[in-house]
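Here's the structure we're looking at; comments come further down.
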Amino acid sequence: MQRVPTGIPGLDSITQGGFPKGSTILVSGGAGTGKTIFALQYIYAGAALYNEPGVFVTFEESSKNILWNLQNFGWDYASLNKQGLMKIYRVSIESPEKFANTWNDQVDNIITMVKEMGAQRVALDSITALGMMLAERVTDKDGAELWIGNTLAVRTMIKTLSDRLKELDVTSIFTSGTKEDKKTEFSSFGVEEFIVDGVIRLYYIPPRRALFVRKMRGTNHSHRVHPMTISEKGIEVHPNDEILWEALK
Ligand SMILES: Nc1ncnc2c1ncn2[C@@H]1O[C@H](COP(=O)(O)OP(=O)(O)OP(=O)(O)O)[C@@H](O)[C@H]1O
Ligand SMILES: [Mg+2]
């Protein structure tokens, strides 16, 4: 099997050399666990270390966060972009109505960009922001408004995206937010983890960070929870060290 090295120090040695080529990997975790940095570093390292073109797609309200991260870690996006090796693409999703009308075009735009660049890596940050657009607003018996996730619609959307990227043999990362206190939760809507080929969960147990490979199809990956650090160089995983499952919240 062909492997795609992530370029994230310490990670490839616990996954037999990287992600299976053409796979879709979910990176999930609570707020501030490092999902965006992880996804951005995967695209950046692909371009800077392996000469593999990649696209980082952000569905966050603002792309400021991405620019902060690039500056913060000294990742020279301008030059990689000029060489056609890296692209940041922002999809704005202001309202569910607008989203419903434009989503198919947005997917076509992403796929066209991937083809034109010859991208081998794609990161989508985040599936949570996307899925929220498919949630339905209902009113409970006391008149309070609630958002109910339409899991079938989320599932279909993720599957479609994943399949279209797979057809092009692109290896992609989707990020997904989880609740803080549930270490066994792997996604926002409870369906994402079953569609993808791999699941990586990030944890933040102050002051420590950790990473756990929950699944990776076709891979004899580590079954331990590994310490992870974020520094001025980005994310680093410590493959020889372990954090006990019991220590996670
Ligand atoms: N240079 C740095 N050195 C150490 N830690 C850093 C550095 N830059 C960022 N961080 C840490 O990374 C965290 C942000 O990571 P990131 O934005 O990837 O999280 P996230 O999981 O995407 O969060 P969200 O759920 O809000 O999208 C910051 O809260 C900070 O703790
Ligand atoms: Mg984020």
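Every number here is computed from the coordinates shown, using simple stated rules; none is lab data. Here the structure is a predicted model, which is why all the values come from computation and not from measurement. In this analysis, Cβ positions are derived from the backbone assuming ideal geometry, glycine residues included, and neighbour counts consider all displayed protein chains.
Pull out the extension gain between Arg137 and Ser13, defined as 0.36 nm times the separation in residues minus the alpha carbon to alpha carbon distance; nm, one decimal. Spell out each step's value before the answer.
On the way: separation 124, 0.36 × 124 = 44.64 nm, distance 4.45 nm.
That pair, Arg137 and Ser13, stretches by 40.2 nm at full extension.
Can you check what the net charge comes to around Arg3, using other residues whose Cβ is under 15 Å from the Cβ of Arg3 (Lys, Arg +1; Asp, Glu -1)?
Working: positive: Lys21, Arg121, Arg217; negative: Asp12, Glu52, Asp169, Asp197.
The answer is -1.
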Next item on the list: Of the options Gly46, Ser23, Val170, report the single residue whose Cα projects farthest towards the positive end of the charge dipole of the stretch 22-202 (beta-carbon charges: Lys, Arg +1; Asp, Glu -1).
Entry: Gly46
Check: So how much slack lies between Thr229 and Glu97, counting 0.36 nm per residue of separation and subtracting their Cα-Cα distance, in nm?
Finding: 43.5 nm
Next item on the list: Quick one: which residues, 5 or more positions from Arg90 or on another chain, have an amide H under 5 Å from its amide H? H modelled 1.01 Å from N in the peptide plane, none for Pro or chain starts.
Entry: Thr58
Checklist line | Proxy reagent accessibility, fewest Cβ within 10 Å first, across Asp140, Asp76 | finding: Asp140, Asp76
Check: Taking Lys21 as the anchor, which aspartates and glutamates have their alpha carbon closer than 19 Å to its alpha carbon, excluding any fewer than eight residues away along the same chain?
Finding: Asp12, Glu52, Asp163, Glu167, Asp169, Glu193, Asp197
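Using 0.36 nm per residue, how much length does the chain from Asn81 to Thr184 gain when fully extended, once their Cα-Cα distance is taken away? All intermediate terms of the calculation are to be shown ahead of the outcome.
Working: separation 103, 0.36 × 103 = 37.08 nm, distance 3.79 nm.
Stretched fully, the Asn81-Thr184 segment lengthens by 33.3 nm.
Treat the count of other C-beta atoms within 10 Å as a stand-in for reagent exposure and order His226, His238 from fewest to most. The partial results should precede the final answer.
Working: His226 20, His238 16.
In order of increasing Cβ crowding within 10 Å: His238, His226.
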Checklist line | Set of the stretch 107-146 residues, backbone N closer than 15 Å to the point 7 Å along the Cα-Cβ line of Asn65 | finding: 123-133
Notebook entry, point to check: Per-residue HN-Hα couplings for the stretch 6-23, Karplus 6.51 cos²θ - 1.76 cosθ + 1.60 at θ = phi - 60°, whole Hz, x for Gly and Pro?
Noted result: 6, x, 8, x, x, 7, 5, 6, 9, 10, 6, x, x, 7, x, 4, x, 8
Next item on the list: Work out the FRET efficiency for Ile148 and Arg214 from their Cβ-Cβ distance, taking R0 = 35 Å, and round it to the nearest 0.05.
Entry: 0.85
Next item on the list: Based on a Kirkwood Rh over C-alpha pairs, give the Stokes-Einstein translational diffusion coefficient of the stretch 22-202 at 4 °C and viscosity 1.567 mPa s in µm²/s.
Entry: 77
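Any of Lys64/Lys87; Lys64/Lys215; Lys35/Lys64; Lys87/Lys233; Lys183/Lys233; Lys64/Lys233 with alpha carbons more than 23 Å apart? Name them for me. It would help to have the intermediate numbers written out before the result.
Values: Lys64/Lys87 15 Å; Lys64/Lys215 32 Å; Lys35/Lys64 16 Å; Lys87/Lys233 20 Å; Lys183/Lys233 27 Å; Lys64/Lys233 19 Å.
Distance filter (> 23 Å) returns Lys64/Lys215; Lys183/Lys233.
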Next item on the list: Taking the Cα centre of the chain as origin, sum charge times position over the Cβ atoms of Lys and Arg (+1) and Asp and Glu (-1), and report the length of that vector in debye to the nearest 20.
Entry: 480
Next item on the list: With a point put 7 Å past each Cα toward its Cβ, work out how far Glu167 is from Asn109 in nm, to one decimal.
Entry: 2.0
Margin query: As I understand it, the dipole of the chain uses +1 on the Cβ of Lys and Arg and -1 on the Cβ of Asp and Glu, about the Cα centre. Which of Asn72, Thr184, Val237 lies farthest toward its positive end?
Written below: Val237
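Among the helices of the chain (complete DSSP H runs), which have Cα atoms covering no less than 20 Å along the helix axis and a Kyte-Doolittle mean of at least -0.5? Each step should come with its number before you reach the end.
Working: long enough: 35-50 (21 Å, 0.89); 96-117 (30 Å, -0.63); 151-167 (24 Å, -0.17).
Result, helices passing both filters: 35-50, 151-167.
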